[in-house]
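Contents: one structure, followed by commentary.
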Amino acid sequence: MSDDEREVVDCLLSTSDNPYNPFEDFANWYRFDIAKGYNTCSYMARVCESSDLSDREERFAYAKAAEEAVALNLTGNRILVTRPAGLDNEYVT
């Protein structure tokens, strides 16, 4: 299946111990993430190649990097938080 045929789902990398949903309460999610030393946003900024991409391509690049982070699971508790694309894109990663 090509990227154009795939259903777009927004996803964010998180940890299983973070009680906050990054889509719904990013500020508290971020504070918890930093307090625990995960620094998920900084990690994703380092590993996700997203320069010179369209919005759709950037979402796919982020999803791929997040899926790889879950597969590697270096912290032992990485998870993906997902939602259908286009609901509310006010979060910052």
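The values are calculated or read from the model by the stated rules, or taken from the named source; none is laboratory data. Please read these numbers as outputs of a predicted model, since none were measured by experiment. Note that each Cβ is placed from the backbone with ideal geometry, even for glycine, and that neighbours are counted across all protein chains shown.
Restricted to the range 67-93, and to residues there that are of a type in the set (S, T, N, Q) and assigned to a loop (DSSP other than H, G, I, E, B), the residue that is modelled with the highest pLDDT is ASN77. So which residues in the range 29-63 are without any contact (Cβ under 8 Å) to a residue 12 or more places away in the chain, assigned to a helix (DSSP H, G or I) and within 16 Å of ASP10 (Cα to Cα)? Scanning the range 29-63 gives ASP55, GLU58. Taken over the range 52-74, residues that are touching a helix residue (DSSP H, G or I) at 6+ places or on another chain (Cβ under 9 Å) and of a type in the set (Ser, Thr, Tyr) amount to 1.
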